[in-house]
Amino acid sequence: MPPDWLNSPSALPDMFPDDRRADVIIVGYGLAGACLTEMLLRKGLRIAVIDNEKAQTTKVGAGIINPWIFRHLTLSWRVRELLPFARDFYAATELRTSSKFVYPLKIMRIFGQDESERWDRVETNGDVHRSKMIDAQKNFPYIKAVFGCGVIEQSFRVDTASLLNSLYGLHLGQVHFIREVFQADKLLIKESEVVYDHIYADSIVFCEGHRAIDNPYFNFIPFRPVKGELMTILMSGMQEEYIVNRDVFLLPLGNGLFRLGSTYLWDDLTEEPTEAAARQLIAGLEKITDLPYSVLSQEAGIRPAVADRRPVAGCHPEFNRLWILNGLGARGALIAPWLSHYLANQMTYNNDPDPEVDPLRFYRNIS
Ligand SMILES: Cc1cc2nc3c(=O)[nH]c(=O)nc-3n(C[C@H](O)[C@H](O)[C@H](O)COP(=O)(O)OP(=O)(O)OC[C@H]3O[C@@H](n4cnc5c(N)ncnc54)[C@H](O)[C@@H]3O)c2cc1C
């Protein structure tokens, strides 16, 4: 049976007959909010979205899907389930929106000292494959790879800014978009419904990205937002078949354009680019190649992460009309489709929550 989000668009509800009544209010329309909107529309629900139209993290993010974590040489969290789900969701969304935002790209991992032996020791799983690159030095003499290279083949890039645009185009006639900053003190939680300003709904879901740190209802979750910076550079002579990864990554965009990223900083949560990050990125690039380049731009965003490095999706432990979808961290493109599908199911069927993503794991004051 096809997944329910692949159902024909004719199952969609008409635009609000009364635009003050929704089934669900979604706060935040970045990657998380847009995917959840899609999953809930597929269930025939009426959606109102409140967003101040920033989505800076989703617009800045590189959108690389890598099944492996190179630092530990382990598989990414639940990748066997998440990867095929993400692939199908993006392919179906590309088809439905007649747009392109998925780019298959292998990853070339430049080994550090001893990494080649560690790479051999970790078992290669047939379905999430790793291999070694033979003749890296011969084929790409301008890439500094004295200890050799590994290859990941099941990786791809999702242009998350374009994905967001495509989903927005799809949702525009079906969703009541309210373009403003959500203010928690305007929310009324009643037994039978929630009321925000003049919108009445059965429930509200917060998909606020790193801004969730200001959410008074979910402040028991230990959010650990992480600033990240990237550059767009122009470089001729560099291959464009692989994302090159060492201390930084070099992601080919086509026509000699590359994204160079990214940094991790926990103690500066401004969304402004910095000189320190520029120096770090350039130092990382110069470890990869001496090819000449010019910097075209630099951007910053804040990854929405949680202390235990797991996403968070579920119902508030005390208010059963309040929900959250957050903590996509540095792997939003991989996690968002599966997690929003999971949450849409939780909201419509009364399934047992998955303890690994349930906000309850942080809630210690239950009587
Ligand atoms: C430098 C960098 C590189 C990255 N690279 C990758 C990568 O290679 N692969 C990958 O998978 N992921 C990557 N990511 C992470 C990925 O981009 C994020 O996980 C994802 O975009 C988070 O989406 P989100 O919807 O949770 O948050 P956001 O995109 O921040 O969206 C949240 C939305 O909620 C709105 N909002 C919040 N509060 C309110 C309010 N009170 N009222 C109204 N609106 C509100 C915001 O304005 C915004 O529009 C990267 C991130 C960065 C910064």
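Throughout, read-outs are computed from the coordinates displayed, never taken from laboratory work. Since the structure is predicted, the reported quantities are computational estimates derived from the model, not experimental observations. Methodologically, a virtual Cβ is constructed for each residue, glycine included, from the backbone with ideal geometry; neighbour enumeration extends over all protein chains shown.
Choose one answer from Gln239, Gln56, Gln183: the residue with the largest mean-square fluctuation in a GNM of the chain with alpha-carbon springs under 10 Å.
Ranking Gln239, Gln56, Gln183 by mean-square fluctuation puts Gln183 first.
Enter the Cα centre distance for the pair region 317-367 and region 134-155, rounded to the nearest angstrom.
Value for the Cα centre distance between the two parts: 40 Å.
Distance in nm between label sites at Asn320 and Gln174, each 7 Å beyond Cα in the beta-carbon direction?
With each label point 7 Å from Cα toward Cβ, the separation is 2.8 nm.
Are there GluC sites (Glu not before Pro) in region 228-279 that DSSP puts in a loop and that have at most 16 other Cβ atoms within 10 Å, and which ones?
Of the GluC sites (Glu not before Pro), the ones in loops of region 228-279 whose Cβ has at most 16 other Cβ atoms within 10 Å are Glu240, Glu241, Glu271.
Calculate, in nm to one decimal, what Gln183 and Lys100 gain on full extension: separation in residues at 0.36 nm each, minus their alpha carbon distance.
This chain segment gains 26.4 nm when fully extended.
Using a Gaussian network model of the chain whose springs link C-alpha atoms within less than 10 Å, name the residue from Trp266, Trp68, Trp323 with the highest mean-square fluctuation.
Checking each option, the largest mean-square fluctuation is seen for Trp266.
Going by a ≥ b ≥ c, the root eigenvalues of the Cα gyration tensor, does region 21-60 fall in the rounded group (a/c under 1.5), the prolate group (a/b larger than b/c) or the oblate group?
It comes out oblate by the Cα gyration axes.
Can you give me the relative contact order of region 229-367 as a percent, contacts being Cα pairs under 8 Å and 6 or more apart?
21 percent
For region 223-267, what does the relative contact order come out to in percent, with C-alpha contacts under 8 Å and a separation of six or more?
48 percent
Counting other beta carbons within 10 Å of each Cβ, put Arg179, Arg130, Arg96 in order, fewest first.
The most exposed by this proxy come first: Arg179, Arg96, Arg130.
Rank these for me by crowding, Phe206, Phe177, going from fewest to most other beta carbons within 10 Å.
Phe177, Phe206
Just want the ordering: Asp23, Asp51, Asp135, from fewest to most Cβ atoms lying within 10 Å of their own Cβ.
Asp135, Asp23, Asp51
Once you sort the root eigenvalues of the Cα gyration tensor of region 276-333 as a ≥ b ≥ c, which label holds: rounded (a/c under 1.5), prolate (a/b larger than b/c) or oblate (the other case)?
In terms of gyration-tensor shape, prolate.
Looking only at Phe220, Phe85, Phe147, which one moves most when the chain is put into a Gaussian network model with springs between Cα atoms under 10 Å?
Taking springs between Cα atoms under 10 Å, the residue moving most is Phe147.
Within the chain, count lysine pairs with alpha carbon atoms under 16 angstrom apart where the residues are 8 or more positions apart or belong to different chains.
6
Using 14 Å as the cut-off for backbone N distance, which residues of region 188-205 belong to the label zone defined by a point 7 Å from the Cα of Arg20 along Cα→Cβ?
Answer for this model: 195-201.
Roughly how many nanometres apart are two label points built 7 Å out from the Cα toward the Cβ at Asp354 and Glu193?
3.2 nm
Going by Cα centres, region 259-292 and region 64-106 are how many Å apart?
Region 259-292 and region 64-106 have Cα centres separated by 25 Å.
Report relative contact order for region 52-188 in percent, whole number only (criteria: Cα-Cα under 8 Å, sequence separation at least 6).
Value for region 52-188: 37 percent.
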